[in-house]
Amino acid sequence: MSAPLLSVRGLDKKFGGLAAVQQVDMDLHPGVLTALVGPNGAGKTTLFNLITGNIPADSGEVLLDGASIRGRSPHHIARLGVARSFQDLRLFARMTVRENVLAAIEHTAWLWQPGGRSARRAREAAVEQALERTGLTAQANARAMDLAYAERKFLSVARILATGSRIWLLDEPASGLDLHSRARFVSLVRQAAAEGVTICLIEHNLDIVTELADRIAFLDRGAKLAEGDPQDILRDPELIGIYFGERRT
Amino acid sequence: MLFLQLFISGLQTGAIYALTAAGFALIFGATRVFHVAHGATFALAGYAYLACTDAGLPWPAGALAALVLAVAFGLAMDAFIYRPIQRHEGSFFTVFVAAFGMSIVVQSVIELVFGRGFVTVSSALTMARQVAPGIYLADIFWVAAGVAIALFVLVTLFLERTRAGIGLRALSENPELLRAYGLSSRRLSAMAFGLGSALAVPGAILTTMTSGLQPAISHQVMLISLAAAVVGGIGSLRGAALAGLLLGVVENLVIGVLDTQWSAAAGFVVLFAFILFKPSGLFGQAVTR
Amino acid sequence: MTAYLLNLATLATIFGILAASLNLLIGYAGIFSVAHAVFFGLGAYAGAQVAMLLVPDVLLACLAGGAVAALLSLGLALPALRVRGEYFVAASLGLQMMAVTVFSEAHALTGGHGGLVGIPLPTLLGFDVSAQGVFLTVCLAVLALILLAIRMLMRGSFGRSLMAIRDSESAAEAFGKDVRQLKTLVVVLGCALAGVGGALFSFYMMFVNVESFTLEQSILIMAMVIIGGTATLAGPLVGVLLLLLLPAALSFLPFIPPTQIGAVQQFIYGLAMALLMIFRPAGIAGQSAGRR
Ligand SMILES: Nc1ncnc2c1ncn2[C@@H]1O[C@H](COP(=O)(O)OP(=O)(O)O)[C@@H](O)[C@H]1O
Ligand SMILES: [Mg+2]
């Protein structure tokens, strides 16, 4: 197996007395889609927050291409090619769909962008392509807050798609989608994976997981209980018991 | 000796600040509404007391009128301003602006009715006597201290012993419960506004007798409550009361070192320093940026 | 009558600069400052001092006013980077209250309560621009330049980045926005423009004192932006016109005694703020929230 693109080593995070993430190791290999599953409150979102620098880790390492990125600020990590979505989407609500995507790919913090007209053309093309692929072209000038539920979810993916990032961390991007949208979503993610994007996907729906995942990492109460081939994990009665047992409460 | 004298007046000012700020903190803790019209509640209560006394009514009647007006105003703000805003989206700033607008309205009405100048109620309580060489104390000091302590004990008992109080506290410790509470959250929120507004009344009445009222007092009280709430740790009743006391004392002690003009600014220096270096305040939970 | 209208127009222009610059903070960046009058004041004092000690050149005074305000805007940028929401509003209120005390006590720089008197008549590159109509033209030109600059910046990536931070700071960070840098930049810019407005104001009044830079003034500017509509170019200007014409209109009503006009005006704009927040939180010129 090739060297991992992003790896997490012995990551720990406590909130007060609650161990939200404990001693987690995880590797994301180039082009591999890893599904991160586990009951609610398992620490999946927290793991993303630790990787992207939104929350400082208590201990452990996050390595990108073998170099530590722990302690870097979120915008820095984003510029290294790690893009993420949020469980609660966090769209730029009062901006239009097109502006949402454009804002996502403009990085320089000064008053204007470098690269002049050709760079601007390239950005505009990337935006239109992302809108096209997520089926949002018709809504391009609507404000994000005025979109329907599924459209919002696709917009959160469009923002990531346009960045051209190597690594996508997707936090329950398909939850609550109707069957039709879900199928569109699956093919969208599959296409990105085929283009070589390394994806880590938090997902509760095991059908989607089976359809998309090359690997599964199973998290419960902050600890990684298992990682491996989807067939092995999904056939493990103990894990499935934890998964469904917890979900019913 | 000067410092002791200033410390004593600081305690008296601080007792008033503490009660008022506790009311603000109670409301914020339970409802997450940054009730900047709390200063207007204070002003309304003070002027109501003043109007009754001027009309020749005995002081209990004036106090009752002040209480009724303050509670009514608090409840009205909740029902007619904050709730409609919160029903549609309603960012904190929307609420802030509306509340600020209403306190401007109250201030202008007071100005139209009572004029711009200072007004006071004269009272035998404010006659200062020398209690030790160079130390003067008026009876009102004991009234302020006694009322503040008694009310604080009562409110604490209420919050810890009664079902409604425990509900309020649960809301303040875990805002998520506000939703889980469903139906009764509305009543609890009204209760927080009523109780919080009532806590502004004693300070308002005492102020009419000591430093007196002017229309702009609503801004001053708003700023003090807000400063005390932040310094104490937003949402913490105990913190706000302690910080109110602290601000009162600091304001007065500053007079011993600098000109009186700096005394009001001193409180805000404390506020500013806390926000920069310890935004969680004395007793608040850590805030994330 | 013309003098009266020219006076109103000049004040509206200066307040237009103030409101437009505060809109950068409130409307685009979501930084809810209630201390804008502080930077207005800093610019006014700096401009007045330059005029009195060096030359009464409008350009120089505007640059000095803007520079001083920009330098001291770090007092606002610091809390803006550390805290949000209620905490930031509280911090800016604290800053406003401290500044008023400093303005009235720092006699050497501000003239204390008495203020700075005897600001010489303004010139521009050696030409006398003190005639009312000419000075109005100068102010209008400054306002036009500022609006043009704001429009260009806000339609570009800088504006999009600010709005992204306003709508979701964490998402903006996740898409590579350097939030600290952007916030500092917009605070410095907004405050510097308020300083420019202050310098013009000091020339126009020929006298400045702390009364013009109090919390009430900050609230008035904030009300202009909010009543007019945030995050639009025209909104703040609409707000300025409404709130400045209001007292003028009231003074024509025979049944309000002149001494009460101030209070009646306050009553109306306070009520307008509250009602707008309930029924049209985006302001008069703003887009209201869509239905869903
Ligand atoms: N910022 C935070 N402060 C305190 N506790 C948190 C915070 N974020 C998450 N938690 C807690 O950590 C645990 C894991 O949460 P999370 O990572 O969101 O779980 P998941 O995404 O797997 O559902 C939960 O118990 C949650 O309440
Ligand atoms: Mg989660």
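The values are calculated or read from the model by the stated rules, or taken from the named source; none is laboratory data. Quick caveat: nothing in here was measured; it's all calculated off a predicted structure. Because the Cβ atoms are built from the backbone with ideal geometry, glycine has one as well, and the counts that use them run over all protein chains shown. Remember, those area values only see protein heavy atoms, side chains included, never the ligands or the DNA or RNA. Shrake-Rupley method; radii C 1.70, N 1.55, O 1.52, S 1.80 Å.
Please go through (1) away from ligand 2 (no atom under 16 Å from the Cβ); (2) in contact with a Ser or Thr (Cβ under 6 Å, 6 or more places away or on another chain); (3) more than 10 Å from every other protein chain (Cβ to nearest Cβ) for residue A:119 and return the number of the only condition it doesn't satisfy.
Exception for residue A:119: condition (2).
Quick check on residue C:200: is it touching a residue at least 24 places away in the same chain (Cβ under 8 Å), over 30 Å from residue C:106 (Cβ atoms) and assigned to a helix (DSSP H, G or I)?
Against the criterion (touching a residue at least 24 places away in the same chain (Cβ under 8 Å), over 30 Å from residue C:106 (Cβ atoms) and assigned to a helix (DSSP H, G or I)), residue C:200 does not qualify.
Would a scan of the stretch C:250-259 turn up a residue that is part of a helix (DSSP H, G or I) and modelled with pLDDT of 85 or more?
No - not one qualifying residue is present in the stretch C:250-259.
Taking residue A:24 and the conditions (1) within 16 Å of ligand 1 (Cβ to nearest atom); (2) open to solvent by 60 Å² or more (accessible area, probe 1.4 Å); (3) away from chain C (no Cβ under 12 Å), which numbered condition does it fall short on, given that it satisfies the others?
Single failed check for residue A:24: (2).
Would you be able to tell me the number of residues in the stretch A:190-207 that are within 25 Å of residue A:41 (Cα to Cα) and in a helix (DSSP H, G or I)?
Of the residues in the stretch A:190-207, 2 are within 25 Å of residue A:41 (Cα to Cα) and in a helix (DSSP H, G or I).
For the stretch B:248-274, name all the residues that are in contact (Cβ under 8 Å) with a residue 40 or more places away in the chain and under 21 Å from residue B:4 (Cβ atoms).
B:248, B:249, B:250, B:251, B:252, B:253, B:255, B:256, B:267
For (1) more than 28 Å from residue A:79 (Cβ to Cβ); (2) crowded, with 17+ Cβ neighbours inside 10 Å; (3) within 14 Å of ligand 1 (Cβ to nearest atom); (4) modelled with pLDDT of 95 or more, each residue gets a yes or a no:
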{"position": "A:17", "(1), (2), (3), (4)": "yes, no, yes, no"}
{"position": "A:34", "(1), (2), (3), (4)": "no, yes, no, yes"}
{"position": "A:39", "(1), (2), (3), (4)": "yes, yes, yes, no"}
{"position": "A:47", "(1), (2), (3), (4)": "no, yes, yes, yes"}
{"position": "A:51", "(1), (2), (3), (4)": "no, yes, yes, yes"}
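Every residue in the stretch C:179-196 that is under 19 Å from residue A:95 (Cα atoms) and at the interface with chain A (Cβ under 8 Å from one of its Cβ atoms), please.
Answer for the stretch C:179-196, where residues must be under 19 Å from residue A:95 (Cα atoms) and at the interface with chain A (Cβ under 8 Å from one of its Cβ atoms): C:179, C:182.
From A:138, A:158, A:192, grab the single residue that is small (Gly, Ala, Ser) and within 21 Å of residue C:161 (Cβ to Cβ).
On the way: A:138 fails: within 21 Å of residue C:161 (Cβ to Cβ); A:192 fails: within 21 Å of residue C:161 (Cβ to Cβ).
Within the list A:138, A:158, A:192, the selection yields A:158.
What are the pairs with Cβ atoms under 6 angstrom where one residue, in the stretch A:38-59, is within 14 Å of residue A:204 (Cβ to Cβ) and part of a loop (DSSP other than H, G, I, E, B) and the other, located anywhere, is more than 10 Å from ligand 2 (Cβ to nearest atom) and of a type in the set (Lys, Arg)? Sequence gap at least six, or different chains.
A:39/A:247
Being β-branched (Val, Ile, Thr) and either under 30 Å from residue C:249 (Cβ atoms) or away from chain B (no Cβ under 14 Å) (or both) is true for just one of C:83, C:102, C:89, C:68. Which residue is that?
Working: C:83 fails: either under 30 Å from residue C:249 (Cβ atoms) or away from chain B (no Cβ under 14 Å) (or both); C:102 fails: either under 30 Å from residue C:249 (Cβ atoms) or away from chain B (no Cβ under 14 Å) (or both); C:89 fails: either under 30 Å from residue C:249 (Cβ atoms) or away from chain B (no Cβ under 14 Å) (or both).
So the residue among C:83, C:102, C:89, C:68 that is β-branched (Val, Ile, Thr) and either under 30 Å from residue C:249 (Cβ atoms) or away from chain B (no Cβ under 14 Å) (or both) is C:68.
Can you tell me which residues in the stretch A:175-202 are at pLDDT below 95 and within 16 Å of ligand 1 (Cβ to nearest atom)?
Those that are at pLDDT below 95 and within 16 Å of ligand 1 (Cβ to nearest atom): A:175, A:176.
When only residues in the stretch C:131-178 that are within 7 Å of chain A (Cβ to nearest Cβ), closer than 16 Å to residue C:84 by Cα and touching an Asp or Glu at 6+ places or on another chain (Cβ under 9 Å) count, which is surrounded by the fewest Cβ atoms within 10 Å (Cβ to Cβ)?
Among those residues, the one meeting the criterion is C:163.
What's the number of the only condition in (1) more than 14 Å from chain C (Cβ to nearest Cβ); (2) more than 16 Å from ligand 2 (Cβ to nearest atom); (3) open to solvent by less than 10 Å² (accessible area, probe 1.4 Å); (4) not polar (S, T, N, Q) that residue A:97 fails to meet?
Residue A:97 satisfies every listed condition except (1).
I need every pair where a residue in the stretch B:132-144 that is on the phi < 0 side of the Ramachandran plot has its Cβ under 6 Å from the Cβ of a residue that is assigned to a strand (DSSP E or B), sequence separation at least 6 or different chains.
These pairs meet every condition: B:136/B:128; B:136/B:130; B:137/B:131; B:138/B:128.
Among (1) within 26 Å of residue B:211 (Cα to Cα); (2) within 12 Å of chain C (Cβ to nearest Cβ); (3) modelled with pLDDT under 90, there is one condition residue B:117 misses while meeting the rest; what is its number?
Every condition holds for residue B:117 apart from (2).
Would the stretch A:199-209 turn up any residue that is more than 16 Å from ligand 2 (Cβ to nearest atom), more than 14 Å from chain C (Cβ to nearest Cβ), of a type outside the set (D, E, K, R) and farther than 24 Å from residue C:171 by Cβ?
Within the stretch A:199-209, one or more residues are more than 16 Å from ligand 2 (Cβ to nearest atom), more than 14 Å from chain C (Cβ to nearest Cβ), of a type outside the set (D, E, K, R) and farther than 24 Å from residue C:171 by Cβ.
Can you confirm whether the stretch B:26-39 contains a residue that is more than 20 Å from the chain's Cα centre (by Cα) and open to solvent by less than 10 Å² (accessible area, probe 1.4 Å)?
no
Would you mind telling me which numbered condition in (1) without any contact (Cβ under 8 Å) to a residue 24 or more places away in the chain; (2) within 16 Å of ligand 2 (Cβ to nearest atom); (3) not small (Gly, Ala, Ser) residue A:180 fails?
(2)
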